[in-house]
Structure formats: C-alpha cells, structure tokens
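Student: This is the structure, below, for whatever I ask next.
The values are calculated or read from the model by the stated rules, or taken from the named source; none is laboratory data. Everything numeric here is computed off the predicted structure, so don't read it as measured data. Cβ placement follows ideal geometry from the backbone for every residue including glycine, while neighbour counts extend to all protein chains displayed.
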Amino acid sequence: MMKISVFGGSAPKPGSPAYQEAYELGKLLGGAGMTVLTGGYTGTMEATSRGASEAGGHVIGVTCEEIEAWRPIGPNAWVAEEWRCQTFDERLNTLVVSCDAAIALPGGLGTLLEICLTWNKLAIEVVQPKPVILLGSGWHKLMETFFAEFGDYVPMDDRQYLAFAPDPHTVLELLSNFLGLA
C-alpha cells in the first residue's frame, strides 16, 4: 500500500475552502487505497485525515511531544494509527522518509519547511526518488519567483521532483502517473 505524506497548515477550520480542499484530497487518496500520513493534528491535517478515513483509507498521524508541549493538543479523531515522535525534527524526518510521495497543501512556515526538507533530501539522494506535488497556485507562484531569482542555484535536475496541481483531482492524476498506477 502506497504511503502518501500530506503537508499543510494547521489553521483552516471546518467549512473553510482550505479545509474542504484538504478533505477532498484525503477522500481521493483514501478512496484510491493509499495510506495517508499527516502531522496528525488540526486544520488541513485533520481535514485530509477525515476525508481519507471516511473513504475507507488508513490514516497515520505523526505526532510529537515538542509540539504538544508548545500547544496542548492530541491527534485528531480520524487518526487510526499514531506514530509518536519525541522531537519536532524526528517528526519531520519521519513524514519525509516514510512516504512514497509527498503532497503539500497551502500552509505556512511548517509546510514550507516540509517541502524544502523533502526536496533537499531528494536532491542529495538520501531518500528514494519520489514526487513532491504542490497543490494550489500559491506554491506555483512562489516557486516561479524562486527559480527566477535564484535559478542558478537550483539545477534543472533538482526541479524534476516538483510537480504542480491546481486541484485535488489533478494531484491524484499526477500521483498515478508518477507511481505507475495509471
């Protein structure tokens, strides 16, 4: 069973467009029989977990003591299996190395960190090749600016790992193509 890490912001609330988009993504992934890994808490992590669970998928929440010491919270209700980490760094690394593909929903600093860590580990070949799919126009615009300003530092070979999707259905199509499921 393919394990897909989904990164995204913790702020979106049920009923918001960002929450609904994450829910839809989770539903598509779970419905396709994929195991979904998230950070296990609120916002898009919760929405993705909920969608995957309700579609019959398996949901793993990668949680950690440092986050819970900073913000008292536990795993969301749709986490079927908790992978408990001691530190934030251990949690990040677990999400990055334990997946067959990574998807980033809109988010903030943490989501950007997850994208960059995954991408850098791919570039220096310390993890098996895997796609990193960035969902939404915001990531596409950010990366276009990054490449325009700092393109000399980002070889074309390193850019091959990134793909951009405007919506959850396109994410599933890209995943299927990358993973040879189409």
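Student: Residues being outside any loop (DSSP other than H, G, I, E, B) and either at pLDDT below 95 or loosely packed, with under 14 Cβ neighbours inside 10 Å (or both): count how many of those fall in segment 121-141.
Tutor: Total satisfying the criteria: 3.
Student: Looking at Ala148, Ala163, can you tell me which residue is small (Gly, Ala, Ser) and in contact with a helix residue (DSSP H, G or I) (Cβ under 7 Å, 6 or more places away or on another chain)?
Tutor: Values: Ala148 fails: in contact with a helix residue (DSSP H, G or I) (Cβ under 7 Å, 6 or more places away or on another chain).
Testing whether each residue is small (Gly, Ala, Ser) and in contact with a helix residue (DSSP H, G or I) (Cβ under 7 Å, 6 or more places away or on another chain) leaves just Ala163.
Student: I'm checking my understanding of the structure. Among residues of segment 36-62 that are aliphatic (A, V, I, L, M) and farther than 16 Å from Ala104 by Cα, which one is farthest from the chain's Cα centre (by Cα)?
Tutor: Keep residues of segment 36-62 that are aliphatic (A, V, I, L, M), which gives 36-37, 45, 47, 52, 55, 59-60, 62.
Narrowing the set further to residues that are farther than 16 Å from Ala104 by Cα leaves 55, 59-60.
On the way: Ala55: 18, Val59: 13, Ile60: 12 Å.
Here the residue is Ala55.
Student: Can you pull out the residues in segment 28-59 that are crowded, with 23+ Cβ neighbours inside 10 Å and assigned to a strand (DSSP E or B)?
Tutor: Correct list: Val36, Leu37, Thr38, Val59.
Student: Find all pairs meeting these conditions: Cβ atoms under 9 angstrom apart; at least six residues apart or on different chains; first residue within segment 94-106 and assigned to a strand (DSSP E or B); second residue among the aromatic types (Phe, Trp, Tyr) and buried (at least 24 other Cβ atoms within 10 Å of the Cβ).
Tutor: Ala102/Phe7; Ile103/Phe7; Ala104/Phe7
Student: Do you know which residues across segment 1-27 are of a type in the set (A, V, I, L, M) and part of a loop (DSSP other than H, G, I, E, B)?
Tutor: Those that are of a type in the set (A, V, I, L, M) and part of a loop (DSSP other than H, G, I, E, B): Met1, Met2, Ala11.
Student: Pick out the one residue from Glu66, Glu90 that is part of a helix (DSSP H, G or I) and in contact with a helix residue (DSSP H, G or I) (Cβ under 7 Å, 6 or more places away or on another chain).
Tutor: Testing whether each residue is part of a helix (DSSP H, G or I) and in contact with a helix residue (DSSP H, G or I) (Cβ under 7 Å, 6 or more places away or on another chain) leaves just Glu66.
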